[in-house]
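*Asks:* Below is the structure I would like to discuss, written out as structure tokens.
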Amino acid sequence: MDLLAFLLTQSLNAFSQAALLFFLGVGLTLIFGIMRIVNFAHGTFYMLGAFIGYSSAAVTGSFWSGLIAGPLIAGAIGAAFERGLLRRLYKRDASAFLMVTFGLTLVLGELIRLIWMSRSRFTGCS
């Protein structure tokens, strides 16, 4: 590999990593600035919705049922989490939200791994 190709590859890798960190920082700043909540669990709720949607589509055989059921059920679980746990923390500092939502990320991630296991769900394109 010549030097120019190596430098180009490394520059593109560095740019993509910097963009990823930038978007992560902007997203967290936006959420904290608007809602005053440091939420690390939102990605886990997206993952939960995806697995629920996949399971619904697999059981019913309809993509549209999965597209409806996934966000609705994950949203209901998120709303229950907010009502049951996060509302008690509104008068505290941001570190309480950080610890609770990070803990929820770990717990939900392991729960999802226990229910749906760690194997791939890709069924291929037809």
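*Asks:* Helix-only estimate, please: 222 nm mean residue ellipticity of the chain, summing -39500 (n - 2.57) across DSSP H runs of length 4 or more and dividing by its residues, to the nearest 500.
*Replies:* Numbers: 4 runs with 97 residues, N = 126.
Result for the chain: -27000 deg cm²/dmol, rounded to the nearest 500.
*Asks:* Something else about it: Taking other Cβ within 10 Å of each residue's Cβ, how do Thr44, Thr29, Thr105 sort, fewest first? Don't jump to the answer; show the numbers that get you there.
*Replies:* Working: Thr44 21, Thr29 10, Thr105 18.
The fewest-first ordering by Cβ neighbours comes to Thr29, Thr105, Thr44.
*Asks:* If a helix is a whole DSSP H run, which ones in the chain reach 30 Å or further along their own axis (Cα) and hold a mean Kyte-Doolittle hydropathy of at least -0.5? Provide the component values of the computation, followed by the final result.
*Replies:* Working: long enough: 3-35 (48 Å, 1.81); 63-84 (31 Å, 1.02); 94-116 (32 Å, 1.71).
Both cut-offs are met by 3-35, 63-84, 94-116.
*Asks:* Once you've got the GNM for the chain with C-alpha springs shorter than 10 Å, pick whichever of Leu98, Leu111, Leu20 has the biggest mean-square fluctuation.
*Replies:* Leu20
*Asks:* Springs between alpha-carbon atoms under 10 Å, Gaussian network over the chain: tell me which of Ser95, Ser55, Ser11 tops the mean-square fluctuations.
*Replies:* Ser11
Laboratory data are not the source of any read-out in this text; all were calculated from the coordinates shown. All values reported here derive from a predicted model rather than from experimental measurement. Quick reminder, even Gly has a Cβ in these numbers, built from the backbone with ideal geometry, and neighbours come from all protein chains shown.
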